[in-house]
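Engineer: I'd like to ask you about the structure that follows.
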Amino acid sequence: MTVSRVPDHATLVEVPEGLDEFYRFACERRWGDGLPVVPATKERVSEMLRYTKRAPDETIAVIAPNFGAATVERIAINAVMAGCLPELIPVLITAVEAVTASELNLQGVQATTNPVATWIIVNGPLAAKLNFNATFNCLGPGARANATLGRALRLILQNVGGALPGDMDRATQGQPGKYTFCCAENEAANPWQPLHVERGIARDRSAVTVVGAAGTLNMNTHAKDAPDLLRVIADTMAHPTSNDYWIGGEPWIVLSPEHAHILHREGLTKADVKRELWERSKMAAGRMAAKDLARTRVARTGELGPITEETLLPICASPDWIGLVVAGGPGTHSVYVPSFGDTRAVTRQIED
């Protein structure tokens, strides 16, 4: 037997010595996500805590829907279980602060039937220093920082926040991003301001942005001029089963460097791209199911006035609410990331 820490209460318990036995032990107690976890021994947690100046008993946030206290030590425990390197803990602490900001609506994100995942985008010098992947397969496997940071946040939401599948977490199907969903922005290939600078953080500082993301959709287009490219992206965004249209949400686009270059080459700023997508993605309300149109009238009449089947619904209240990030490697693929709708992304500067 070895001594390990319980992930939600930070108390010491005796657990099986072998990894296989510990994995079985953790699964029985629903501490993990179904994948193997690293035992959060006193030694591993202490090593993790060496990389932050914050006191172990400091409460960073209270995690909905169970309103558990995310202390620095509990964050470290879940980081160990997820396989994080110790130097990632300042980034994870910042992500916890961001995800619990009121505008993200964590209570809704955690307990909805929608397939919402918390997507972390890392910007600034730490992205490269800590080896976050911003290029090839940045939303997929292969980079330890991406995989373990996203997973650690998910374990905190589950173990501290109480969002266990079938209990507080009522997602009808869920999505793979609920295991881990994290990338860095490809700032070297971004022709515009990096995301964190656009959102008020100094260029030489590092930051995380957390998004309530409802999934990903590949947009493979060989369009070589800006109007054609914007047209097909906007047409992809407009679908009648979208929370963004019935609430007025916050959709996101991950532009490949190739697509970003096409738009920038033709003189478009990031604000221009958002405005064009906002205008071109307006959708006739009559495309919705009757029940969904009724919900939209309740949610958006104050914003848009009377809504008929002919009303062209904007995907969000303002072009500024469209999120735009440049990431990935070479290729003709960009990604549409619809949102939960009733959520707004939050950006926080990373501190020690």
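The values are calculated or read from the model by the stated rules, or taken from the named source; none is laboratory data. Quantities reported herein were computed from a predicted structural model and do not represent experimental measurements. For neighbour counting, all protein chains shown are included, and Cβ atoms are generated from backbone atoms with ideal geometry for every residue, glycine included.
Engineer: Taking only pairs six or more apart or across chains, which ones have beta-carbon atoms under 8 Å, a first residue in the range 42-66 that is at pLDDT below 95, and a second residue that is among the hydrophobic types (A, V, I, L, M, F, W, C)?
Structural biologist: Pairs found: LYS42/VAL3; LYS42/LEU12.
Engineer: Return the total of residues in the range 242-286 being part of a helix (DSSP H, G or I), surrounded by fewer than 20 Cβ atoms within 10 Å (Cβ to Cβ) and among the acidic types (Asp, Glu).
Structural biologist: Final tally of qualifying residues: 3.
Residues checked against (1) without any contact (Cβ under 8 Å) to a residue 60 or more places away in the chain; (2) out of contact with any Ser or Thr (no Cβ under 7 Å at 6 or more places or on another chain); (3) of a type in the set (Asp, Glu):
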| site | (1), (2), (3) |
| --- | --- |
| GLU97 | no, yes, yes |
| ALA101 | no, yes, no |
| ASN105 | no, no, no |
| ALA111 | yes, yes, no |
| VAL122 | no, yes, no |
| ALA128 | yes, yes, no |
| PHE132 | yes, yes, no |
| ALA147 | no, no, no |
| ALA152 | no, yes, no |
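Engineer: Now a separate question. Does HIS239 satisfy the condition of being surrounded by fewer than 24 Cβ atoms within 10 Å (Cβ to Cβ), touching a Phe, Trp or Tyr at 6+ places or on another chain (Cβ under 9 Å) and not in a helix (DSSP H, G or I)?
Structural biologist: The answer is yes for HIS239.
Engineer: Kindly indicate the residue of the range 134-180 that is of a type in the set (D, E, K, R) and outside any loop (DSSP other than H, G, I, E, B) and also farthest from ARG30 (Cα to Cα) among those meeting that condition.
Structural biologist: Per the criteria, the residue is ARG144.
Engineer: Looking at GLY161, GLY124, GLY108, which one is buried (at least 17 other Cβ atoms within 10 Å of the Cβ), within 26 Å of VAL45 (Cβ to Cβ) and not aromatic (Phe, Trp, Tyr)?
Structural biologist: After ruling out the rest, the residue left standing is GLY161.
Engineer: Another question about this same structure. What number of residues within the range 164-188 are surrounded by 21 or more Cβ atoms within 10 Å (Cβ to Cβ) and of a type in the set (A, V, I, L, M)?
Structural biologist: Total meeting the criteria: 1.
Engineer: Return the total of residues in the range 47-76 being buried (at least 20 other Cβ atoms within 10 Å of the Cβ), among the hydrophobic types (A, V, I, L, M, F, W, C) and part of a loop (DSSP other than H, G, I, E, B).
Structural biologist: Counting residues in the range 47-76 that are buried (at least 20 other Cβ atoms within 10 Å of the Cβ), among the hydrophobic types (A, V, I, L, M, F, W, C) and part of a loop (DSSP other than H, G, I, E, B) gives 1.
Conditions (1) under 22 Å from THR11 (Cα atoms); (2) among the aromatic types (Phe, Trp, Tyr); (3) under 16 Å from the mean Cα position of the chain (by Cα), marked per residue:
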| position | (1), (2), (3) |
| --- | --- |
| ARG29 | yes, no, no |
| ASP33 | yes, no, no |
| VAL38 | yes, no, no |
| SER46 | yes, no, no |
| ALA69 | yes, no, no |
| ILE77 | yes, no, no |
| PRO90 | no, no, no |
| THR112 | no, no, yes |
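Engineer: Any idea which residue in the range 169-202 is nearest to GLY108 (Cα to Cα), counting only those that are basic (Lys, Arg) and in contact (Cβ under 8 Å) with a residue 60 or more places away in the chain?
Structural biologist: LYS178
Engineer: Residues in the range 123-133: is at least one at pLDDT 95 or above, touching a strand residue (DSSP E or B) at 6+ places or on another chain (Cβ under 7 Å) and of a type in the set (Lys, Arg)?
Structural biologist: no
Engineer: Going by the conditions given, is ALA202 surrounded by fewer than 20 Cβ atoms within 10 Å (Cβ to Cβ), of a type in the set (A, V, I, L, M) and within 22 Å of MET237 (Cα to Cα)?
Structural biologist: No, not satisfied.
Engineer: Right, something else. May I ask you to list the residues in the range 92-137 that are on the phi > 0 side of the Ramachandran plot and in contact with a helix residue (DSSP H, G or I) (Cβ under 9 Å, 6 or more places away or on another chain)?
Structural biologist: GLY124, ASN131
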